[in-house]
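Below you'll find the structure, written out as structure tokens, and then a few comments.
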Amino acid sequence: MLSSKVSRRPFPLVAFYLEYNQLRRAEGEHNHELIIVSAGEATGVDGTLVTHFKDGSFFGELEFLGIVDKVSQLTVTADTDCDLYSLRLGDIARALIEFPVSALGHIPGSA
């Protein structure tokens, strides 16, 4: 039987909603989160590069992981009403403190 600590979701995703044509992120804004599109469609513009996001797509991963500067180069606007989730690196750090791997006994999917 799993303990109550292990059965809770360790990574707190924050749900939010964007209405059609609402701006989520503008170029030059600071970004510290990974955004996951749960439902709906959005468009991201990075200079001349245009990316279409749909169910299951994500953006902000490069800033989230620290691969690029924390200032977004991407402007994202909802093409339809969208259900989204965000995850911040700090949330993962807190989850690792609250749910250490040793409490799980092993990492799922590992040998």
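Where a number appears in this text, it was derived from the coordinates with a stated rule and is not lab data. From a predicted model like this one, the values you see are computed outputs, not experimental measurements. Ideal geometry is used to build each Cβ from the backbone, glycine not excepted, and the neighbour counts take in all protein chains shown.
Quick notes on this one:
- Val71 sits among other residues whose Cβ lies under 10 Å from its own Cβ, and their net charge, with Lys and Arg +1 and Asp and Glu -1, is -3.
- Among His30, Leu96, Thr77 - extreme Cα towards positive end, dipole of region 12-101, charges at beta-carbon: Leu96
- For the pair Thr48 and Asn21, a Förster radius of 25 Å applied to the C-beta separation gives a FRET efficiency near 0.70, rounded to the nearest 0.05.
- The slack in the chain from Ile97 to Asp83, taken as 0.36 nm per residue of separation less the alpha-carbon distance, amounts to 2.2 nm.
- Within the shell of other residues whose beta carbon sits under 14 angstrom from the beta carbon of Cys82, the net charge comes to -3, with Lys and Arg scored +1 and Asp and Glu -1.
- Charge tally for Gly40 (other residues, Cβ to Cβ under 14 Å; Lys, Arg +1; Asp, Glu -1): -4.
- Remark: C-alpha extents of region 12-101 on the principal axes read 41, 27, 17 Å, sorted largest to smallest.
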